[in-house]
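For reference, the structure discussed in these notes is given below.
Please treat every number below as a calculation from the coordinates, not as lab data. Because the structure is predicted, anything quoted here is derived from the model rather than measured. When we count neighbours, we look across all protein chains shown, and the Cβ atoms used for this are built from the backbone with ideal geometry, even at glycine.
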Amino acid sequence: MHAELTLSPDERAHGERVLAEVRAAITAAGGAIPFAQFMALALYAPGLGYYSAGARKFGPDGDFTTAPEMSALFGRCVARQCCEVLATTGGAILEFGAGTGALAQTVLETLAALDALPARYLILEVSAELRARQQQRLAALAPALAGRVAWLDRLPEAPFSGVMLANEVLDALPCERFVVRAGRARRLGVALDGHSGGLREVELGGPATGGPDATGAGVPGLPADLDLAALPEGYRGECCPALAPWIATLGATLERGLVLAIDYGLPRSALYLPDRRDGTLLCHFRHRAHDDALRNVGLQDITAWVDFTAVAEAAVDAGLDVAGFSTQAAFLLALGIETDVARESDTALRAARAGEARRLLMPNEMGEIFKAIALARDLDAPLSGFALQDLRRQL
Ligand SMILES: C[S@@+](CC[C@H](N)C(=O)[O-])C[C@H]1O[C@@H](n2cnc3c(N)ncnc32)[C@H](O)[C@@H]1O
């Protein structure tokens, strides 16, 4: 992939600044940093990382399109699920990583039409740049909607009741990479490439990093029950040590209600398969997907598929019930996406909506690889989104 050839001078300069930050971290660490530290810098280094700085990211001019960006049909279904829960719990909606604010807008507009607006719509966003975009977009809504939106710097200290939403947030948490050598997992890291002046992948603790692994011998976040012996020599995979602590903080805050997370991923038994020997790490740069995270540093998105078994385990540890797990297609169909399309009276618009629904639902697009998971506490509300399909036994 030669997308780096098309970088503008500004992009090149920005990429160099991010690289300088990564190089400094590598030097400070004595020659190599774990992949998760690299990914955290590339995506979230203040003022520099892909999500922290000004890259366009979303939409046709950006690097990727998420479901709420692609179609309001997605947010309408999510809103109806929120409506059921809020009818029982009251309280607020708290959205994590709200992107451009597209989901927040659709959810608020749909709940207003259902006369079911929550008292507050809170957003917790780590990117200052995206927070500014969300503020601009949502300030343009009717005052009755815009007035309910507030941004948080951290999770609320008081117990929270209502719905927590996270669409494509879990896959953006920094992950570790590992390689299987003689039936054991070795942690992968990033070092300087003396020849090109760029970066290269290294196995931490190996001779390439100049001696013992200063970062610890194990792979943080590696599932204890992963059968490494069943994976071929040289198999590479990812795991996310940030996932369990993140869910634990949500669990500590949620008094009553639902965490609804939607993301691409699989149950563990289907994620770490011998055939998937290069893992699931994916970079998005101008709507091209590739697996070289060490290029276009700070200018491209880096993600890895979510281990939904790890999500469920973390939820149980946090005292939450795994109340539903299904494909995105089943979730949206159960919440009436087809009725929304059929209700469109204008023929051209109906055709456009039908096309959007296909992308959201088709197995070879977003329908199958994206999953919805419901984590609940003290909740006796119906969860219609999970009524069509129950994949929890796969977790
Ligand atoms: C792939 S984007 C998805 C954006 C949006 N939810 C959507 O579907 O269009 C990932 C988002 O998660 C945010 N994010 C990453 N880590 C986060 C965290 N720990 N807490 C809250 N937001 C986070 C990013 O800044 C970004 O807004």
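Label sites at Arg56 and Ala132, each approximated as a point 7 angstrom past Cα along Cα to Cβ, lie 1.8 nm apart.
With contributions of -39500 (n - 2.57) from each DSSP H run of at least four residues, the per-residue ellipticity at 222 nm computed over the chain stands at -10000 deg cm²/dmol. By the count of neighbouring beta-carbon atoms within 10 Å, fewest first, Trp151, Trp246, Trp305 end up ordered Trp151, Trp246, Trp305. How many angstrom lie between the C-alpha centres of the range 6-31 and the range 133-177? About 30 Å separates the Cα centre of the range 6-31 from the one of the range 133-177.
Rounded to the nearest 0.05, the FRET efficiency derived from the C-beta distance between Ser269 and Ala144 at R0 = 41 Å is 0.30. If both residues of a DSSP beta bridge must be in the range 234-339, then about 75% of such bridges are antiparallel.
For the chain, the orientation-averaged shadow of the C-alpha convex hull comes to 19.8 nm² (one quarter of the hull surface). For the range 51-205, place one equal point scatterer on every Cα, skip the solvent, and apply the Debye formula. What is log10 of I(q)/I(0) at q = 0.10, 0.11 Å⁻¹? Log10 I(q)/I(0), no solvent term: -0.48, -0.55. Inter-label distance, Ile369 to Ala224: 3.2 nm, where each label sits 7 Å from its Cα along the C-beta direction. Of the GluC sites (Glu not before Pro) found in the range 107-165, the ones in coil according to DSSP and having at most 16 other Cβ atoms within 10 Å of their Cβ are Glu157. Between Pro118, Pro382, Pro34, the Gaussian network model of the chain with springs among Cα atoms under 10 angstrom shows the greatest mean-square fluctuation at Pro382. Label separation (Ala112 vs Leu155): 3.1 nm, computed from points 7 Å beyond Cα along the C-beta direction. Computed on the chain, with alpha-carbon pairs under 8 angstrom and 6+ residues apart, the relative contact order is 20 percent.
This ranking places Val107, Val259 by how few other beta-carbon atoms lie within 10 Å of each, fewest first, which gives Val259, Val107. DSSP assigns beta bridges within the chain; of those with both partners inside it, close to 60 percent run antiparallel. Secondary structure note: in the range 87-193, about 25% of the DSSP beta bridges are antiparallel. With a Förster radius of 30 Å applied to the beta-carbon distance between Gln394 and Arg277, the computed FRET efficiency rounds to 0.85.
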